[in-house]
1. Can you compute 3J(HN,Hα) from phi for each residue in the range 160-166, using the Karplus curve 6.51 cos²θ - 1.76 cosθ + 1.60 with θ = phi - 60°, rounded to whole Hz and x for Gly and Pro?
2. Report the label-to-label distance for Thr124 and Lys102 in nanometres (one decimal), using points 7 Å from each Cα along the Cα→Cβ vector.
3. So, counting K/R as plus one and D/E as minus one, what does the shell of residues with Cβ under 14 Å around Leu43 add up to?
4. Determine the alpha carbon to alpha carbon distance for each of Lys47/Lys128; Lys102/Lys138; Lys78/Lys123; Lys36/Lys129; Lys78/Lys128 and list only those over 26 Å.
5. Let me check I've understood the local charge: for Gly132, count other residues with C-beta under 13 angstrom from its C-beta, Lys and Arg +1, Asp and Glu -1. What total comes out?
6. When Lys and Arg each count +1 and Asp and Glu each count -1, what net charge do the other residues less than 14 Å away from Val110, Cβ to Cβ, add up to?
7. What are the ³J(HN,Hα) values, in whole Hz, obtained from phi via the Karplus relation 6.51 cos²θ - 1.76 cosθ + 1.60 with θ = phi - 60°, for each residue of the range 96-104 in sequence order, with x given for Gly and Pro?
8. I'd like the projected area of the range 79-160, averaged over all directions, using the convex hull of its alpha carbons. Report it in nm² with one decimal.
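Every read-out reported here was derived from the displayed coordinates using simple, explicitly stated rules and does not represent laboratory data. Everything quoted here is computed from the prediction, not taken from an experiment. Cβ placement follows ideal geometry from the backbone for every residue including glycine, while neighbour counts extend to all protein chains displayed.
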Amino acid sequence: MEREELKSIVENVLLAADQPINASELSKIFLDGTDKNQLQSILDELKEEYNSRNLQIMEVADGYQLCTRHEYNDWIRKYLKLDRSSRLSQPSLDTLSIIAYKQPLTRQEVDDIRGVDSSGVLKTLLEKKVIGPAGRKKVPGRPIMYRTTQKFLEYFGLKDLSDLPTLEDLREEMEGEDPPLQTQIEFSTSEVPESSSSPNEAKPVIENDH
């Protein structure tokens, strides 16, 4: 198969996919034994080409995803009819941040850091699938520990956890904001609206409210 034809197929698969995909996953759809290195090269090439387009290809959660750009968030939100009730609350964001930087953690450990009961917040985060169980801690009672998930990486546009800014970077950024920076995450009520013909239109929008 010619490279340009292969490239067109990969581009269309990225458009249709509702989650990040990588070269290994792409290779499974080709019966001619297309080399994974060639597919990886095409993914990198497409990512570079989309830097000058109105959409973008991002490396998130160990894969590549065709996404909208931040500057069009308001228009996408209006189309999807997202409202404030679909956002994570500030307590949820605080709890998610604690888990992201100190995982794995038990509910009691989260409570000790926040100073309040976090059971309700943890339930919300589990429902949104941005955190998940990470086994049980080897202490009396064997409490469940929690960690962030692949969905967390997708929502924040992170390739892996090493892409998280350091706590010092966050502190400097927030000290420079007036008022302090607060990150809001938009969640749609379903993965793909029934009226939508493209799964990419249902992807969450991440915005920074100042």
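1. Those phi angles translate into 7, 5, 5, 7, 4, x, 5 Hz.
2. 1.9 nm
3. -4
4. Over 26 Å Cα-Cα: Lys47/Lys128; Lys78/Lys123; Lys36/Lys129.
5. Overall, the nearby charge balance is +4.
6. +1
7. Karplus values, whole Hz, x for Gly and Pro: 4, 5, 4, 5, 4, 8, 10, 4, x.
8. Approximately 6.2 nm², given one-decimal rounding.
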